Amino acid sequence: MRVLAVDPGDKNIGLAISDPGGIIANPLSILPHISRPMDAAAIAQIAVENQVGLIIVGQALSDDNTPTPQSRKAARLAAAIRVQSDIPVELWDESGSTQAARAAVITLNVRRSRRGGHHDSLAATYMLQTYLDAHLGEGHTTPW
């Protein structure tokens, strides 16, 4: 089953998708943030087009695992996606995904002038891979 990851931001929304087996995460695209209902509708449409069975929305929690203003926005986006789609939606801790994406871009020797915009889909990819890895394990071949 394919999984779609959503990394919500104030300006852009990073998207990543898994392979059909739900093992490997890949960057998909970046959506410009417009409004919660329009963002949710676009995400739901992309999920349908890609035959996704689960949508995860990144939610950064504070150091003591309590909600932050940004994580509350992510929860509201997840609720809006649920209204737009019958596909299950889960929240997943995305803490550290942006820093991991920045580090990956630097490691790949991407010039500073070309780094903008890559972080959103790479952060979603990192977040999705952590989700997939956490749900595999102990001899399971698929997370479900």
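Here, each number is a calculation from the coordinates, and none is a lab measurement. Values in this document were obtained by computation on a predicted structure and should not be read as measured data. Heads up, the Cβs are rebuilt from the backbone with ideal geometry, glycines too, and the neighbour counts pull from every protein chain shown.
See the values below:
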quantity	calculated
Low-density loop cleavage sites - trypsin sites (Lys or Arg not before Pro) in the stretch 1-75, where at most 12 other Cβ are within 10 Å (DSSP)	Lys11
Label-point separation, Ile24 to Gln51 (7 Å along Cα→Cβ), nm	1.8
Table column - 3J(HN,Hα) (Hz), the stretch 122-136, Karplus curve with 6.51, -1.76, 1.60, x for Gly and Pro	5, 5, 5, 5, 4, 4, 4, 5, 5, 5, 4, 4, 5, 9, 8
Amide H within-cut-off set for Leu54, under 5 Å, with H built and near neighbours excluded	Leu4
Computed lengthening from Ala134 to Val83, 0.36 nm per intervening residue step minus Cα-Cα distance	15.7 nm
